[in-house]
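The values are calculated or read from the model by the stated rules, or taken from the named source; none is laboratory data. Since the model is a prediction, treat every value here as computed from it, not as a measurement. Cβ sites come from the backbone with ideal geometry, for glycine too, and all protein chains shown count toward neighbours. We work out accessible area using only protein heavy atoms, side chains counted, and drop any ligands, DNA or RNA first. Shrake-Rupley method; radii C 1.70, N 1.55, O 1.52, S 1.80 Å.
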Amino acid sequence: KRLKLYHTHTGETLERVFWADGRYLPDALAEINTLLRDHRNNQVAPIAPQLLSLLARIGSLVGASEGFHVISGYRSPQTNQLLADRSSGVARRSLHLDGKAIDIRIPGRSLVDVRDAALSVRGGGVGFYPESQFVHVDIGRVRRW
């Protein structure tokens, strides 16, 4: 399984195979963890490999040849509190805190198509934020908003 990621806040890009021969690749996971760090304070935390597999499934459904644009991956408690204080749309106990959620868009694909692909795989929660131009995907319980 391969992912191509571009972090919209840092400008960093990464394209890596993260799963091969029946196992996740630790070096690739470490690089992905770094790219998906909390960009506000540079805190790195483990991203759940299952979330990466879910992204790969979504990408294969919509044809994400350009890769994923990442708006938010891991969030530290401090960053999540800051965002929750500013917006009622940010969960106080967000799965971003556990490395189990990501906010994305896919260049050349409509947000509706990305949302629908995420919903179709039933891999967790899917939030649709057209005004902010992203889809939230997590590996929590299956739900939508």
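Could you count how many residues in the stretch 31-51 are open to solvent by 70 Å² or more (accessible area, probe 1.4 Å) and of a type in the set (Val, Ile, Thr)?
The qualifying residues number 1.
Closer than 23 Å to residue 109 by Cβ, surrounded by fewer than 16 Cβ atoms within 10 Å (Cβ to Cβ) and of a type in the set (A, V, I, L, M, F, W, C), is that true of residue 17?
Taking the combined requirement at face value, the residue satisfies it.
Return yes or no: is residue 105 open to solvent by 50 Å² or more (accessible area, probe 1.4 Å), farther than 19 Å from residue 9 by Cβ and touching a helix residue (DSSP H, G or I) at 6+ places or on another chain (Cβ under 8 Å)?
On the way: open to solvent by 50 Å² or more (accessible area, probe 1.4 Å): yes; farther than 19 Å from residue 9 by Cβ: no; touching a helix residue (DSSP H, G or I) at 6+ places or on another chain (Cβ under 8 Å): yes.
Considered against the rule, which asks whether it is open to solvent by 50 Å² or more (accessible area, probe 1.4 Å), farther than 19 Å from residue 9 by Cβ and touching a helix residue (DSSP H, G or I) at 6+ places or on another chain (Cβ under 8 Å), residue 105 comes out as no.
Looking only at residues in the stretch 108-134 that are under 14 Å from residue 69 (Cβ atoms) and within 13 Å of the chain's Cα centre (by Cα), which one is most open to solvent (accessible area, probe 1.4 Å)?
Among those residues, the one meeting the criterion is 134.
Checking the structure you have, find out if any residue of the stretch 73-89 is within 15 Å of the chain's Cα centre (by Cα) and β-branched (Val, Ile, Thr).
No, because not a single residue in the stretch 73-89 is within 15 Å of the chain's Cα centre (by Cα) and β-branched (Val, Ile, Thr).
Scan the stretch 122-139 and give yes if some residue there is of a type in the set (Lys, Arg), over 17 Å from residue 1 (Cβ atoms) and at pLDDT 95 or above, otherwise no.
So the first thing to find is which residues in the stretch 122-139 are of a type in the set (Lys, Arg), and the list is 122.
If we keep only those that are over 17 Å from residue 1 (Cβ atoms) as well, we get 122.
With the extra rule that they be at pLDDT 95 or above, the set shrinks to 122.
Among the residues of the stretch 122-139, at least one is of a type in the set (Lys, Arg), over 17 Å from residue 1 (Cβ atoms) and at pLDDT 95 or above, which makes the answer yes.
Looking at 56, 64, 28, 84, which one is in a loop (DSSP other than H, G, I, E, B) and surrounded by 14 or more Cβ atoms within 10 Å (Cβ to Cβ)?
Just one listed residue meets the conditions, 64.
Since residue 3 meets every condition but one in (1) among the hydrophobic types (A, V, I, L, M, F, W, C); (2) part of a helix (DSSP H, G or I); (3) closer than 21 Å to residue 115 by Cβ; (4) touching a Leu at 6+ places or on another chain (Cβ under 8 Å), which condition does it not meet?
Evaluating residue 3 over (1) among the hydrophobic types (A, V, I, L, M, F, W, C); (2) part of a helix (DSSP H, G or I); (3) closer than 21 Å to residue 115 by Cβ; (4) touching a Leu at 6+ places or on another chain (Cβ under 8 Å) leaves (2) as the failure.
Select from the stretch 110-145 the residues that are part of a loop (DSSP other than H, G, I, E, B) and not aromatic (Phe, Trp, Tyr) and list them in ascending order.
110, 122, 123, 124, 130, 131, 132, 133, 139, 140, 141, 142
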